[in-house]
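The values are calculated or read from the model by the stated rules, or taken from the named source; none is laboratory data. The shown structure was predicted, so the numbers you read here are calculated from the model rather than taken from an experiment. Using ideal geometry, Cβ is built from the backbone for each residue, glycine included, and neighbour counts are taken over all protein chains shown.
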Amino acid sequence: MVVANQFEMVCGLEVHVELQTKTKIFCGCTTEFGGEQNTHVCPVCLGMPGALPVLNREVVNFAIKAGLALDCEIAEFSKFDRKNYFYPDLSKNYQTSQFDLPICGKGGLEIEIDGEKKWIGITRAHMEEDAGKLVHSGETISTSNESSVDYNRAGVPLLEIVSEPDMRSIPEVLAYLEKLVQILEYTEVSDCRLEQGSVRFDVNVSLRPFGTDTLGIRTETKNLNSFSSVRRCMEYEVARQARVLNAGENVVQETRTWDEGQGITLTLRSKEEAHDYRYFPEPDLPPLVIDKEWVERIRKTLPELPAARRARLQTLGLSAYDAAVITQAKAMADFFDEALTYYTDAKTLANWVMGDMTRLLNSNQCSVVDSPISAKQLAELLQLINKGTLSGKIAKSVLEEMYSTSKDASMIVKEKGLAQISDEGALLGIIDGVLAANPQSVEDYRAGKDKAIGFLVGQIMKATKGQANPGLVNQLLKEKLA
Amino acid sequence: MESVSIGKSVSEQHELLVHKDVSSTELTKAYIARIHSVDPDLQAYLTVLEDKALAQAAEIDRKIAHNEVLGALEGIPMALKDNMCTEGIRTSCASKMLESFIPPYNATVTDRLQAAGTILLGKVNMDEFAMGSSTENSYFAKTRNPWDLERVPGGSSGGAAVAVAADEASFSLGSDTGGSIRQPASFCGVVGMKPTYGAVSRLGLIAFASSLDQIGPFTKTVRDNALVLNAIAGYDPLDSTSVAYEKPDYTKFLVNNVKGLRIGIPREYYGEGIDPEVAKGIQAGIQTLIDLGAEVSECSLPHTEYAIPAYYLIATAEASSNLARYDGVRYGYRAEAEDVLGMFKQTRAEGFGPEVKRRIMLGTYALSSGYYDAYYLKAQKVRTLIKRDFDQAFEKFDVLLSPTAPTTAFKFGEKSADPLTMYLSDITTVPINLAGIPAISIPAGFVKGMPIGMQLMGKAFDEGTLYRVAYTFEQNTNHHTLKPSLSGEVLASGSR
Ligand SMILES: [Zn+2]
C-alpha cells in the first residue's frame, strides 16, 4: 500500500464483550441467546415505571477477573452513570454504564509479531448493559413500514475495554484482538462467540506523517463484529484518510459506520451532531466499593493465562510453535494438561493432540470440550504404545474406533484382539510349557484326535490372558506337534 | 355507628374490629359511602376500588369471625397515591402519559400493606409525576382542600392528604421529594411523615427524582403514623438504595414526655415570605413544648438559602432522565407520527403537562455538556454542605422545629401562574430531602380557619424521636381533633 510509506497509522480500539453470567446485569432474567422475542424480559429490563436495578454481583466478579487477566488496576471505588439518549432499543432511553470511575483502570497486554514483542496499553474497562434489538420490516428504521423491538438482549452485561492508541499497523490490531479474545476466553468471562454478536468492536483510526508526534484527526467506526470486518474496515479507512490528506484536505472528525456489503465506511454523524449523553451518576445504584479481599478472592480463581502456559509447555520440551498451537484455545490446553497427568511424554502427547486428535475433531466439526475421547483415554492409548502393546500404526486405527464408540483403548484392543503377542520366541516358550504340562493331550492329538488341539490352544490363551495371536498360536503349535 | 367510625383513628378502628363492634365490611362500606358523598366536591380519588375493597374486607371479617389474632392494620381501609404501582390496577401518576397504564406488579409498599391486611379503597390524586405543590398539575382533576373548597390541598400528594383529612380513608400513603407529604399534611391538618431516605423501599414508586423520593404515611394521629410506618418501613433487597437498618417498633417511642429534649429552631426557616400569623402559631407551639420541659434554643443552618436552586437542579436533572422512558414504544400513551423520532416527540408533547415539560427541560439543560459542572455538580456540592449543616445542628439538638410551610393553603391559581413563587414556598421542606433525614408535619393550629403544620426534623433513622415529640405535642393540644365541615355537616370529632 502506497499510503503505508507516507503515513503512520495510529489506532485504538473499544471492544464490547458480553460477559457470560447466567442472568442479566440488573435483573434476574436469563442471558441465554435466542428465545422467542421478548420472552427473557421483566419490568426492570423493560424499563417499566417504578422498576429499580439491582447489581448482579457475578457481573462484578467477571469484570474483576477480566481486569486482573488484562493487568488492569481494579478500582476500590467505582460507580455507575446514566448515558442518556433516545433510541427505541433502549428501554429506559438511558443506558446504565460507568463514566468517570470505571471498575478497571490502566492495564495492557503483550502482542508478538514476527518475534517482536510490543505492549499495547489498556486505558480502562467498564461495565454496562446491552440494549435490545430492532427488527425492521425493511432495510433500516427509516425505510421500514414496521419495526419491532426485542428486549431479550436488553440488560445483558457488557464489559467495554478501551485500548490506548498504541497500535501502528493492521497486523498489530489483529494481534491485539486475538490476544484479547484469547485472554477473555481463558478467564471464561466470555465465550466470545463473534457470530452471535457477543463481541463488538469500535475502531479509532488516524494518520500522521512518519516522524511526527502529534496525533492526526481521527474517525471512529462503530459496531464491527468480526476480525475480518475490522481488517477490511481499517484497510478502507486508512486508504480513504490517506486520499483525503494527499488531496491537501483535512480528515473530518466524525463517527462512521461500516457497510459490510459494499466494504466501505460511511458517515454516521459529525462532531457537531455528536450525542450529548448528559452523563450523571446513577441515583438508583450506590457506588461500588471493592475491597482487597474481594479482589484477592477473584485472583485465586484466575486460570494460568496463555503466556504463562506457553512458557510452561516449552519447559516440558515443546517447541514454541507447538506450545502456541496447544494454548491457542483454553479448552485444548486444558485437554492437553489433563492428559499430561496420565502420560508424561509431553512431546509425543503434543504430536497426537495436534495431529490425529485435532484432525478427528475438525473432520467431525466437534469442539474439544465435546470430544468423545477424554484426555484420560487418549493418555491410556499412548501408554499402550509405550508398553509395546500397540504399534503406532494400529494405535491410529484404535483412536478412530475410540472416537466413534467412546470406548477405552484397552477395551477395543481386547475386543478386536489387537494386542497381539506376536513375538514367536515368547509364544514358543509358553507353548513349550503348556505342552509339557499336558502330555495326554499331546498324545491324543498325535493319535489323530484333532479336537485335542483346541484344548491346547485354550490353555495357551489362558496363559497369555487372551493376548496371544490365535493364528500364530495355531501355526506354531502345529509346527511343534508335527 | 358507621359514619362515626370513619372519623376515628386507625388504632380506635382496630379496637372496634377486634371487639366486633364494627366489621371491616361495614367500615369499608362507610368509607365508600363517604367517598360517594364528598368526593364529587373534593376529587381526592382518581380510582375507587369498591368491589375489590369489599372482597378484601369480607376476607378479614372471616378472620375476625374465627377469632383470629388481628394485626394493627388488618381490615383498615386506606388509599395510595397514584404513583405507587398496584398490580392490575391503573397507576396513572395523574398523567395523560399513563392514563391507561396497568402495572403487572405491586410496589413493595403495596405488597407490605396487603400483607398487613389493609383494604385498598383506591388511588388518589396528585400533581402529574409528583411535580408540584398544589395538585393543580394533575391531568385529571383538581383536588380541593376540605377546609376551604376554594383552596388547594397542597401537593404533590394532595389527594392522599385530603382523603385522610376528609375521612375518605383511614390513612394513606404519599411520596415526598421536596415536601410533597409534609406540605399537604400541613395544608389539610393531618399528620404526614417523610421517613429517612432508604427507610421505605422505592420499588414500584414511579420515580420523579430517585435520590430524593421517599414514601411515607398520612394519618389522623401520631400513633397511627407510627403504626403505618411499622408496616411499610424496612430493608428491601430489590431497592439498592434501601438501607438494612434495624427497624424499631415505632410505637415504642409514643411517650408523653419531652423533658430535657433539646429542640433547635433554625432561624433561616423564618425568613422572608413567611406569614406572620403562621409564625405566631408555630411560636405558640414552641411555647407548649417549652412548658412541657423541652429545652428550646435558636440555631443556624447557614446554607439554607442555596437549597431551593440546588433542589431544583438535582430533582429536575434526575427527572429528565427518569421520565425519558415515556416514549410511546412500550406502554402508556402513544401519538401517531410519520417516523420514530416524530412519534417520540409527539408522544411526549401530548402526553406530558406543562410543569412536567418545564422540569424535563430544566433538568436536560442542567446536565448538558458545558453546563454540568456549573449546575448539577455545584448543586451536589451544595447538597453536601446542607447535609453538613444538619450534622452540625444535630450535635447540639435532638430535633429541629420549623413551620412546615410559610403559609396556609393558597387559592387555586394563586401561584400556578408563577412557577418560581411556587418553588420558593418549598424553602422549609426541600433541605430535608437533600439531606435525606426524616421530618414530620403535625397539626399546630389554625390561621383564619386554615390549618397550619409544625415540622419536626430528626437525625437519619431517628423517626422515633420525631414521633415522641409529635405525640407529646398532640397529647397536650387539640388541633388534630378538629375536623373540616363539609356540605354543611360538622363531623363528630374522634373519640377523645
Ligand atoms: Zn429482566
Exercise for review: Give me a count of the residues in the stretch A:167-211 that are of a type in the set (Ser, Thr, Tyr), out of contact with any Lys or Arg (no Cβ under 6 Å at 6 or more places or on another chain) and more than 23 Å from residue A:113 (Cβ to Cβ).
Suggested key: 2
Review point. Does the stretch A:72-109 hold any residues that are acidic (Asp, Glu) and either closer than 29 Å to residue A:120 by Cα or buried (at least 22 other Cβ atoms within 10 Å of the Cβ) (or both), and which are they?
Key: A:73, A:76, A:81, A:100
Check your understanding: Since residue B:290 meets every condition but one in (1) free of Cβ contacts under 8 Å to residues at least 24 places away in the same chain; (2) within 14 Å of chain A (Cβ to nearest Cβ), which condition does it not meet?
Key -> (2)
**Study point:** The one condition in (1) within 30 Å of residue A:108 (Cα to Cα); (2) surrounded by fewer than 20 Cβ atoms within 10 Å (Cβ to Cβ); (3) within 14 Å of chain B (Cβ to nearest Cβ); (4) not hydroxyl-bearing (Ser, Thr, Tyr) that residue A:26 fails to fulfil
**Key:** (2)
Check your understanding: Quick check, is residue A:373 assigned to a helix (DSSP H, G or I) and either within 23 Å of residue A:457 (Cβ to Cβ) or of a type in the set (Val, Ile, Thr) (or both)?
Key -> no
Review point. Which residue, of A:174, A:158, A:109, is within 16 Å of the ligand (Cβ to nearest atom), within 22 Å of the chain's Cα centre (by Cα) and in contact (Cβ under 8 Å) with a residue 12 or more places away in the chain?
Key: A:158
Study note, to complete from the structure: Every listed condition ((1) farther than 19 Å from residue A:134 by Cα; (2) over 25 Å from the mean Cα position of the chain (by Cα); (3) of a type in the set (D, E, K, R)) holds for residue A:36 save (1)
Review point. Looking at this structure, is residue B:364 in contact (Cβ under 8 Å) with a residue 24 or more places away in the chain, within 11 Å of chain A (Cβ to nearest Cβ) and buried (at least 18 other Cβ atoms within 10 Å of the Cβ)?
Key: yes
Check your understanding: Just for the stretch A:110-145: of the residues that are hydrophobic (A, V, I, L, M, F, W, C) and surrounded by 19 or more Cβ atoms within 10 Å (Cβ to Cβ), which one is farthest from the other protein chains (Cβ to nearest Cβ)?
Key -> A:111
**Study point:** The lone exception for residue B:329 - which of (1) crowded, with 21+ Cβ neighbours inside 10 Å; (2) within 23 Å of the chain's Cα centre (by Cα); (3) of a type in the set (Val, Ile, Thr) it fails
**Key:** (2)
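Every residue, every condition in (1) crowded, with 19+ Cβ neighbours inside 10 Å; (2) touching a residue at least 60 places away in the same chain (Cβ under 8 Å), yes or no:
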residue	(1), (2)
A:191	no, yes
A:201	yes, yes
A:205	yes, yes
A:223	no, no
A:231	no, yes
A:240	no, no
Check your understanding: Quick one: in the stretch B:93-127, which of the residues that are assigned to a loop (DSSP other than H, G, I, E, B) and aliphatic (A, V, I, L, M) is farthest from the other protein chains (Cβ to nearest Cβ)?
Key -> B:116
Exercise for review: For residue A:206, state whether it is assigned to a helix (DSSP H, G or I), more than 14 Å from every other protein chain (Cβ to nearest Cβ), among the hydroxyl-bearing types (Ser, Thr, Tyr) and over 30 Å from residue B:314 (Cα atoms).
Suggested key: no
Point to revise | For residue B:214: the one exception among (1) within 14 Å of chain A (Cβ to nearest Cβ); (2) in contact with a Cys (Cβ under 7 Å, 6 or more places away or on another chain); (3) polar (S, T, N, Q) | key: (2)
Review point. If you check A:324, A:274, which single one turns out to be among the aliphatic types (A, V, I, L, M) and at pLDDT below 90?
Key: A:274
Practice item. Name the one entry in A:433, A:417 that is among the small types (Gly, Ala, Ser), assigned to a loop (DSSP other than H, G, I, E, B) and closer than 23 Å to residue A:468 by Cα. Key: A:417
Practice item. Evaluate the following for residue A:114: is it away from the ligand (no atom under 16 Å from the Cβ), in the same structural domain as residue A:16 (by TED's automatic domain parsing), more than 24 Å from residue A:14 (Cα to Cα) and of a type in the set (Asp, Glu)? Key: yes
**Study point:** strands (runs of 3 or more DSSP E) wholly inside the stretch B:168-223 that include at least 2 residues being polar (S, T, N, Q) and on the phi < 0 side of the Ramachandran plot
**Key:** B:171-176, B:214-219
Exercise for review: Assess whether residue A:269 counts as being touching a helix residue (DSSP H, G or I) at 6+ places or on another chain (Cβ under 8 Å), among the basic types (Lys, Arg) and either crowded, with 20+ Cβ neighbours inside 10 Å or under 30 Å from residue A:221 (Cβ atoms) (or both).
Suggested key: no
Practice item. Could you grab the pairs with beta carbons closer than 9 Å, sequence gap of 6+ or different chains, first residue in the stretch A:114-134 and among the hydroxyl-bearing types (Ser, Thr, Tyr), second one part of a loop (DSSP other than H, G, I, E, B)? Key: A:123/A:105; A:123/A:106; A:123/A:164
Revision key, fill the gap. Within the stretch B:128-154, the residues that are under 15 Å from residue B:175 (Cβ atoms), more than 14 Å from the chain's Cα centre (by Cα) and away from chain A (no Cβ under 14 Å) are B:137, B:138
Review point. Is the stretch A:375-387 home to any residue that is free of Cβ contacts under 8 Å to residues at least 12 places away in the same chain and over 45 Å from the mean Cα position of the chain (by Cα)?
Key: no
**Study point:** Members of the stretch A:124-147 found to be under 34 Å from the mean Cα position of the chain (by Cα) and either hydroxyl-bearing (Ser, Thr, Tyr) or part of a loop (DSSP other than H, G, I, E, B) (or both), listed by number
**Key:** A:130, A:131, A:132, A:139, A:140
